[in-house]
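The values are calculated or read from the model by the stated rules, or taken from the named source; none is laboratory data. Fair warning: this is a prediction, and the values are worked out from it, not measured in the lab. Neighbour counts run over all protein chains shown; Cβ positions are idealised from the backbone, glycine included. Please note that ligands, DNA and RNA were not included when accessible areas were found on the heavy atoms of the full protein model with its side chains. Shrake-Rupley method; radii C 1.70, N 1.55, O 1.52, S 1.80 Å.
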Amino acid sequence: MIEKINFLTIYILYYKKMIQMLKKQFPRNCKRHRNVNTWSSLATAFNSINKEKYGFDFLRKETGLFGISELKTSEGFNILRDQAISQTDALIAEAMSQNRKRKMVEIFDDMSDTLCKVADLAEFIRIAHPQKQFVTAAEKTCLSVSGIVEKLNTHRELYNALKHIIYNEDIQKTSIVDKHVATLFLSDFELCAIHLPESIREKVVQLNYYILQVGQKFMTGASNTRAVDSSIVPPNIRQYFTEKDNKIYVQGLYVDSPNCLLRETAYRIFLYPDEEQEYLLQELLNSRYTLAKLCGFSSYAHRAVKGSTMETPEVIYEFLNILNDNLKSKTKQDFNEMQKMKNIESPIKQKIMPWDTAYFTAKAKRNWLNISITEFAPYFSLGACMDGINILIQALYGIRLEYVPVLSGEVWANNVHKIVVIDENEAVLGYIYCDFFEREGKPNQDCHFTIRGGRQLSDGSYQNPIVVLMLSLPVPTWSKPCLLSPSSVENLFHEMGHALHSMLGRTKYQHVTGTRCSTDFAEVPSVLMEYFASDPRVVSTFARHFQTFEQIPITLLDKLYASKNIFCASELQNQIYYSMLDQVYHNGQLEKSSTEILKEIQGKYYELPYIENTAWQLRFSHLVGYGAKYYSYLVSRAIASWIWQTYFQADPFNRTAGNRYWKECLAHGGGKLPSKLVSDFLNKQANASNLAKSLLYEIDIKTKHVEKLRG
């Protein structure tokens, strides 16, 4: 009985204590619950775990991939392929018919749309789908469509029919856009050498295939782990590498390590020259030069930049040289600051080296601004960031994003979200599928895929675009949503810039819809979105703590903006150096090793010295995908900076400026010459000097802001 009384007493005391605790916590929990409910439906969707399981049981599927009923199963690709072949044959017959009723360019765009809708879809599924049977079917479809395209590229009668209407008259009066798009189709033909004698054309076909094979091998080698004897590596840093059978395996550059010896060792080993890679790079560059000469160009660079914003390699050289000449003093200041930090760290005086820059940039952010990246993440839940994009585009363009539930079978994996873009008149502009979260087997890359391009249909309606945005973010949990770092927020805005270009590019023709424009303009809308993502006035509208819903402190916002601008001059110089090296590599036949060329270019365009017995260009995989076009990033940034300074710097929510940007830039896609598009929109010639000035002005502004916060 005594035990029972004691137990009861303890229980009552415990119960009273719990009631008191609950009373204290109740208001706080209620407040937190109310704050959760203040998220929009869009933010809630992206901040929650997706409870639905979109399995691959055929009997339970309501539709197929992207709402295409044939793609409930992988066999549906065979149906789509056969339909594309049949439709293409019919369009070829129409183009060649003496009784043709439509403009030639309209028929060609129908062909392009027919093939792209299958090829683009298959290419994405090949990369993203987790099930092998879908991947295999998609791969086969890609090969089939490539075969169809190759046959079209050798169809001389079709080429001659197109060429005739360009240099003469079509059966109907053609507009400027009609002629521009028809000329683009003709250029595509001629890049395959259809206008050249058969013997030369055959060489071009063989070279294109060889270049593709060599490029793939170079890409593989660029990421290979480097293995060396353990004795080469100092004993006190071997623990940081994988060691097996007296071998040390170096997988990267270790640029963030505070250990200087480790950074240097990794740099020297990972970038040590590789004979096979050098051979592949020489073959790639020399084969491209031969290809260009066969096709009538003086260099591969001239071939690659034809029709771009810059138009010729000579203008690119001028642009890069203006930047380089005006940036040297500012770059020296950056490296001097890094040298001061290295002197403090090291008892032995050592010069700042290429393996130091990333480490001391990160350290400057921490020390100068007294911030940690982890401070920002609670304010940047994925849902909050999606809300921020929605707030911004409603202000600028009067359009909005709405979450749409997907049907069973519509998407390829769990936690893929679908959003619809709607204008002020409640008209649908297109759909964006958001494949944002990590999963096994998914490529670790941030990118935009066009699944279906927008275009005007014959009945006057519009074929709305469908795109996919792919990111690699952590999956939300029951306790917290996916929280983004500042760089991830910037990446999200960047990729959404591509998606908005696709949604708002209301072109007549699919061949030039949205991002289907010159490479040095295609990045402009996405880079411009980075400016909005870095502006405190914009970020303050959506950055809320995921638990308390408190707005991000203004002091933290200022530091965030400054952190992105530390050592911006040296970062820009690095990109100039990469861009110039790419141009020189593609300017003619290589007459010396790629490393000798690199050493010369680095001496002229980069402040830090070349490190003997290294060859980082053999790890520079962008030489394959962006051959002679790596400069595009800098030109796109220059144009975006110029647009920002002219239209949005004073007011990032300016509706008049937003509408003008939509109608005069985004709406055209690739349907207007990019140099003319930029010049018309900015009321000034888009030449090398004006583009360089916009970046140099930006560097000055960023540097002053950092200095102000440092005190």
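Picking from residues in the stretch 99-129 that are within 16 Å of Val467 (Cβ to Cβ) and small (Gly, Ala, Ser), the one that is surrounded by the fewest Cβ atoms within 10 Å (Cβ to Cβ) is Ala119.
Is it the case that Glu311 is in a loop (DSSP other than H, G, I, E, B), open to solvent by 70 Å² or more (accessible area, probe 1.4 Å) and within 17 Å of Asp520 (Cα to Cα)? In short, yes. Only one of the listed residues (Tyr606, Tyr647) is touching a residue at least 12 places away in the same chain (Cβ under 8 Å), assigned by the TED database to the domain that holds Glu698 and among the hydroxyl-bearing types (Ser, Thr, Tyr). That residue is Tyr647. Of all the numbered requirements in (1) more than 20 Å from Gln394 (Cα to Cα); (2) open to solvent by less than 10 Å² (accessible area, probe 1.4 Å), Gly497 misses one, and that requirement is (1). On inspection, Val475 qualifies as touching a strand residue (DSSP E or B) at 6+ places or on another chain (Cβ under 6 Å), open to solvent by less than 70 Å² (accessible area, probe 1.4 Å), of a type in the set (Val, Ile, Thr) and not in a strand (DSSP E or B). Within this structure, Ile611 fails the test of being under 23 Å from Asn326 (Cα atoms) and either outside the structural domain of Glu106 (by the TED database) or not in a helix (DSSP H, G or I) (or both).
Conditions tested, residue by residue: (1) open to solvent by 70 Å² or more (accessible area, probe 1.4 Å); (2) among the polar types (S, T, N, Q); (3) farther than 30 Å from Leu121 by Cβ; (4) free of Cβ contacts under 8 Å to residues at least 24 places away in the same chain.
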position	(1), (2), (3), (4)
His155	no, no, no, no
Leu158	no, no, no, no
His164	yes, no, yes, yes
Tyr167	yes, no, yes, yes
Thr174	no, yes, yes, no
Val177	no, no, no, no
Leu184	no, no, no, no
Asp188	no, no, no, no
Ile194	no, no, no, no
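Of the residues Leu327, Leu401, the single one that is under 27 Å from the mean Cα position of the chain (by Cα), of a type in the set (A, V, I, L, M, F, W, C) and assigned to a helix (DSSP H, G or I) is Leu327.
Yes/no per residue for (1) more than 28 Å from Pro674 (Cα to Cα); (2) open to solvent by 10 Å² or more (accessible area, probe 1.4 Å); (3) assigned to a loop (DSSP other than H, G, I, E, B); (4) modelled with pLDDT of 95 or more:
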| residue | (1), (2), (3), (4) |
| --- | --- |
| Leu528 | no, no, no, yes |
| Val538 | yes, no, no, yes |
| Asp558 | yes, yes, no, no |
| Met580 | no, no, no, yes |
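Working only within the stretch 295-308, note down all residues that are aliphatic (A, V, I, L, M) and either at pLDDT 95 or above or outside any loop (DSSP other than H, G, I, E, B) (or both).
Selection gives Ala301, Ala304.
Scanning the stretch 67-87 for residues that are under 27 Å from His180 (Cα atoms) and either surrounded by fewer than 21 Cβ atoms within 10 Å (Cβ to Cβ) or within 26 Å of the chain's Cα centre (by Cα) (or both) gives Ile85, Gln87.
Looking across the stretch 324-376 at every residue that is of a type in the set (Lys, Arg) and open to solvent by 80 Å² or more (accessible area, probe 1.4 Å), the one that is farthest from Arg263 (Cα to Cα) is identified as Lys328. Can we say Thr548 is of a type in the set (Ser, Thr, Tyr), more than 30 Å from Phe319 (Cβ to Cβ) and either in the same structural domain as Gly454 (by the TED database) or not in a loop (DSSP other than H, G, I, E, B) (or both)? Here the answer is no, as Thr548 does not meet what is asked. Exactly one residue out of Thr88, Thr136 is touching a residue at least 24 places away in the same chain (Cβ under 8 Å), assigned by the TED database to the domain that holds Asp170, within 30 Å of Leu471 (Cα to Cα) and β-branched (Val, Ile, Thr), and it is Thr136.
Filtered by the rule that a residue be at positive phi and not small (Gly, Ala, Ser), the stretch 414-445 gives Asn415, Glu426. In summary, Glu264 fulfils each of the numbered conditions (1) surrounded by 15 or more Cβ atoms within 10 Å (Cβ to Cβ); (2) in contact with a helix residue (DSSP H, G or I) (Cβ under 8 Å, 6 or more places away or on another chain); (3) closer than 25 Å to Lys365 by Cβ with the single exception of condition (2).
Of all residues in the stretch 404-427, those that are closer than 17 Å to Thr73 by Cβ have Cβ atoms under 7 Å from Cβ atoms of residues that are open to solvent by less than 10 Å² (accessible area, probe 1.4 Å) and of a type in the set (Gly, Ala, Ser), 6 or more apart or on another chain, in Gly409/Gly64; Trp412/Ala128.
What number of residues within the stretch 334-386 are part of a helix (DSSP H, G or I) and under 30 Å from Val416 (Cβ atoms)?
Qualifying residue count, the stretch 334-386: 10.
Criterion first (over 21 Å from Ala640 (Cα atoms), in contact with a helix residue (DSSP H, G or I) (Cβ under 8 Å, 6 or more places away or on another chain) and modelled with pLDDT of 95 or more) does Val467 satisfy it? Quick ask: steps written out before the conclusion?
Numbers: over 21 Å from Ala640 (Cα atoms): yes; in contact with a helix residue (DSSP H, G or I) (Cβ under 8 Å, 6 or more places away or on another chain): yes; modelled with pLDDT of 95 or more: yes.
Considered against the rule, which asks whether it is over 21 Å from Ala640 (Cα atoms), in contact with a helix residue (DSSP H, G or I) (Cβ under 8 Å, 6 or more places away or on another chain) and modelled with pLDDT of 95 or more, Val467 comes out as yes.
Taking the stretch 131-237 and the helices (runs of 4 or more DSSP H) fully enclosed by it, the elements with 3 or more residues that are under 26 Å from the mean Cα position of the chain (by Cα) are at 132-153, 176-191, 198-222.
Let's see how each residue does on (1) in a loop (DSSP other than H, G, I, E, B); (2) of a type outside the set (Gly, Ala, Ser); (3) free of Cβ contacts under 8 Å to residues at least 60 places away in the same chain:
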| position | (1), (2), (3) |
| --- | --- |
| Ser487 | no, no, yes |
| Leu492 | no, yes, no |
| His498 | no, yes, yes |
| His511 | no, yes, no |
| Gly514 | yes, no, no |
